[in-house]
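The values are calculated or read from the model by the stated rules, or taken from the named source; none is laboratory data. Computed from a prediction, not measured in an experiment: that's the story for all the values here. Quick reminder, even Gly has a Cβ in these numbers, built from the backbone with ideal geometry, and neighbours come from all protein chains shown.
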Amino acid sequence: MAMPGVAIRGQRSLLRQIREALASGGPAQSRLDIVVRIIAGSMVAEVCSLYMRRASGDMELFATEGLDPGAVHVTRMKPGEGLVGEIMRLGRPLNLSDAPNHPAFSYRPETGEDPFHAFLGVPLLRGGRAIGVLVVQNRTERVYTDDEVEDLQIVAMVLAEMVAGSELEGELKGVEIAPHRPERLIGSKFADGLALGVAVLHEPPVAPSQLLAEDVVAEEARLKTAILGLQAQIDDMLTGEHGLVDASFEVLETYKMFAHDRGWNRSLEDAVRNGLTAEAAVERVRSEHRARLGQARDPYLRERLHDFEDLADRLLRHLAGEGHTARDLPENAILIARNLGPADLLEYDRTKLAGLLLEEGSSASHAAIVARALDIPCVGRLPGLRDKVSEGDPVIVDAETGEAYLRPRADVVKALQARLEVRKQRRAEFAKLRDTPAFTRDGAKVTLLMNAGLDVDLDILGETGAEGIGLFRTEFQFMVAEEMPRFNAQTALYGRVMDAAGDRPVTFRTLDLGGDKVLPYLEAEREENPALGWRAIRMGLDRPALLRLQLRALIAAARGRALRIMFPLVASVDEFRAARALVDHEVAWAQRRGRPAPSRLDVGAMIEAPALVWHLDALLPMTDFVSVGTNDLMQYLFAADRGNPRVSDRYDFLSPPALRALEMIQKACEETGTPVSVCGEMAGRPLEAFALVALGFDRLSMPPAGIGPVKQMVLSCDREAARRGVTALIRTSAGSIRNEIETLARKLYLAI
């Protein structure tokens, strides 16, 4: 029996009837019985049935009009079983003219559904998860119209929110409205540590307070205004007139494409025209995309889901008339996000943020670097994380093993608390060593320095026991700003850093922009391979005004004190020669104006490009010092993008090729008397630092959290014995010698 789609006015009446039935009071079962009766009558269907997902994953018949009422709470289907299971699996409607002939059909005699052929089922979606299925059936063989499918989807969306909301709160026992079982997810550790806290979703979906539109025309106008505002905002981001700190040019282009996508806009408009508020329309379209694309194996399609997610969040904020504002956090908050930029993380209250879990990212991502700087445990590469956790869930971040526990069992919590106590005791031991010089057992001095880049780093410099700042990343000030920092702002920051350090040395690295550090206010062309493109010193030399402004600010901030400047990603001696000439020019400029020159000026280069390893004889005489940036050096040495999870962990720092390259650098510096330090992540890990000390490096710069463990290792190390052991190991043909170095460390009774 064919019927036209429910008219807007009729559909709004149907939705109100459903809402009134659910809010009417009385037992939950009687209210659900009324709801399916209302839907069947309105859809001119001979059967309307509601199936809900149990905590076990089984689908249970909860209410029906037209099937045998004795089957309610009796008929159950295993996950994936029957047409209902197929809808749950696919996350989209199933429209059949002759259901019994479908290969997934599962006959249940207790329901009495023998005479029914036409079948339309739609999922009840909430937060991208199917929590149930709504089905209508007719005896006649026919395909339901597109309007009917649309109508039933809207009914299912409203029903899902009402079932999960206050109307039936606490009455549907055993129904899995949200994930509730303990889950253990395995990812990758980005920033070491342990944390137990409550989940806080980064930019969580704004739950619509009103689902049904009072005035459809007014809602259409609100939606149109919000979409135009969203499109204009994204267009502005692409022109660089407004700052979006964490988004790359490519991401913004994708945003623009989808924000202007006719299909997405039409879906939103159709949902509003069918009686939903603009906010409810966004949630409905969001849930559909989650259900459809979330199951996709193709990484491109899954990435499109993330694009739509971000757009939906932005559109909801436009509808609410709100900008991006930082949220209040509960104590011991565990932030849950797909990915983060450095500005996003810094907007949260550091004193309440206990941990960070990411669906994506890499150990070299901005979020990971900032998390390490702030000593916030972080685990990433946790696929499907956001759909598996709800706001307020208890969560464990185990960044020692790279795992996350959602809604952990009591025994897991107890074990974690014991480990936290051990870490607390270790921190107390490290604190006792704060003022102890780092000498090896055979008397070799190792200078331990701290990596920094944020104002907050200055507060803990004294607590760490670091003997100075071996790497200050100046680009963070640029990455978290809405516009290019001016001369006075740069001078003020560099002055604060030097004031906080006192008589301890600070090595300022000039801007390392480009690659994955794209600024919205700095025009740049897209590149096929940004890591090998226009970045760091190359950008500074091509835009000398930018580099000269920074050098001028550094000289002004020194106020006659000693100053150390280091240039990143120098690939040729000509680049260093040109960069040093700019320093000399700015010093002369300051002196001509009666301003003090630095009492001592040391200018160095970072060795990150393998080309320099074979041209050190030409480079070192020009420099006052060099520093090895192991992150980029190893990336280029192994031709493995450190931001790509598939290859970033494939090659080991503790391998003969990597250690031989480092040995070459150390020996060349030793022969020329050039001070050399290591400032990559390798320096902050006790086992890797042991290998560096064995190779002869005596200046290591690391994240603050690494200083205590590395100092403890140094104090327990016999450097000469370590040198003999590691030198022998790197002559082997093995791809990695990590296990062998661990064995050597144990033999030497090393504290690691």
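List of remarks:
- With respect to the stated conditions, Glu575 is in contact (Cβ under 8 Å) with a residue 12 or more places away in the chain, under 16 Å from Ala618 (Cα atoms) and acidic (Asp, Glu).
- Listing of helices (runs of 4 or more DSSP H) fully contained in the stretch 563-624 that carry 2 or more residues being crowded, with 21+ Cβ neighbours inside 10 Å: 573-592, 616-619
- Taken as a whole, the structure places Asp512 among residues that are under 21 Å from Met702 (Cβ atoms) and modelled with pLDDT under 90.
- Test: Asp246 is charged (D, E, K, R), touching a His at 6+ places or on another chain (Cβ under 8 Å) and modelled with pLDDT under 60: yes
- Residue within the stretch 21-29 that is within 18 Å of Ile154 (Cβ to Cβ), part of a helix (DSSP H, G or I) and either at pLDDT below 85 or not assigned by TED's automatic domain parsing to the domain that holds Ala118 (or both) present: yes
- Filter result for Ala71 (in contact with an Asp or Glu (Cβ under 7 Å, 6 or more places away or on another chain) and modelled with pLDDT of 90 or more): yes
- The stretch 439-460, subset without any contact (Cβ under 8 Å) to a residue 60 or more places away in the chain and in a helix (DSSP H, G or I), residue surrounded by the most Cβ atoms within 10 Å (Cβ to Cβ): Leu458
- Looking only at the stretch 619-662, and only at residues there that are at pLDDT 90 or above, in contact with a Ser or Thr (Cβ under 7 Å, 6 or more places away or on another chain) and of a type in the set (S, T, N, Q), the one that is farthest from Ala689 (Cα to Cα): Thr623
- Selection of the stretch 675-686 for residues being crowded, with 19+ Cβ neighbours inside 10 Å and either more than 28 Å from the chain's Cα centre (by Cα) or not in a helix (DSSP H, G or I) (or both) yields Val676, Ser677, Val678, Cys679, Gly680, Arg685.
- For the stretch 129-148, the criterion of being over 14 Å from Met43 (Cβ atoms) and modelled with pLDDT under 80 is met by at least one residue.
- Condition met for Lys667 (buried (at least 23 other Cβ atoms within 10 Å of the Cβ) and of a type in the set (D, E, K, R)): no
- Only residues that are outside any helix (DSSP H, G or I), surrounded by 14 or more Cβ atoms within 10 Å (Cβ to Cβ) and at negative phi were counted in the stretch 399-417, giving 7.
- Residues considered: Ala689, Ala745, Ala728, Ala705. Of these, the only one that is closer than 30 Å to Leu458 by Cβ, assigned to a helix (DSSP H, G or I), without any contact (Cβ under 8 Å) to a residue 60 or more places away in the chain and of a type outside the set (D, E, K, R) is Ala689.
- Residues of the stretch 461-510 that turn out to be part of a loop (DSSP other than H, G, I, E, B) and small (Gly, Ala, Ser), as a count: 5
- Residue in the stretch 59-74 that is surrounded by 22 or more Cβ atoms within 10 Å (Cβ to Cβ), in contact with a Gly (Cβ under 7 Å, 6 or more places away or on another chain) and under 17 Å from Val122 (Cα atoms) present: yes
Yes/no per residue for (1) of a type in the set (Lys, Arg); (2) in contact with a strand residue (DSSP E or B) (Cβ under 8 Å, 6 or more places away or on another chain); (3) assigned by TED's automatic domain parsing to the domain that holds Arg738:
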position	(1), (2), (3)
Arg646	yes, no, yes
Asp649	no, yes, yes
Met664	no, no, yes
Lys667	yes, no, yes
Glu671	no, no, yes
Ile707	no, yes, yes
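- Pairs are defined by a Cβ separation below 6 Å, a sequence spacing of at least 6 or placement on different chains, a first member in the stretch 376-391 that is closer than 14 Å to Leu340 by Cβ and without any contact (Cβ under 8 Å) to a residue 60 or more places away in the chain, and a second member that is surrounded by fewer than 24 Cβ atoms within 10 Å (Cβ to Cβ) and of a type in the set (S, T, N, Q); no pair meets this definition.
- Residue within the stretch 663-673 that is modelled with pLDDT of 95 or more, part of a helix (DSSP H, G or I), among the β-branched types (Val, Ile, Thr) and under 19 Å from Leu449 (Cβ atoms) present: yes
- Filter result (among the aromatic types (Phe, Trp, Tyr) and at pLDDT 85 or above) within the stretch 453-490: Phe472, Phe487
- Residue match in the stretch 645-654 (condition: over 19 Å from Ile730 (Cα atoms) and crowded, with 23+ Cβ neighbours inside 10 Å): no
- Scanning the stretch 39-58 for residues that are crowded, with 19+ Cβ neighbours inside 10 Å, farther than 22 Å from Arg142 by Cα and not aromatic (Phe, Trp, Tyr) gives Met52, Arg53.
- On the stretch given as the stretch 417-436, residues that are among the hydroxyl-bearing types (Ser, Thr, Tyr) and at pLDDT below 85 total 0.
- Members of the stretch 529-562 that are assigned to a loop (DSSP other than H, G, I, E, B), over 27 Å from Leu637 (Cα atoms) and polar (S, T, N, Q): none
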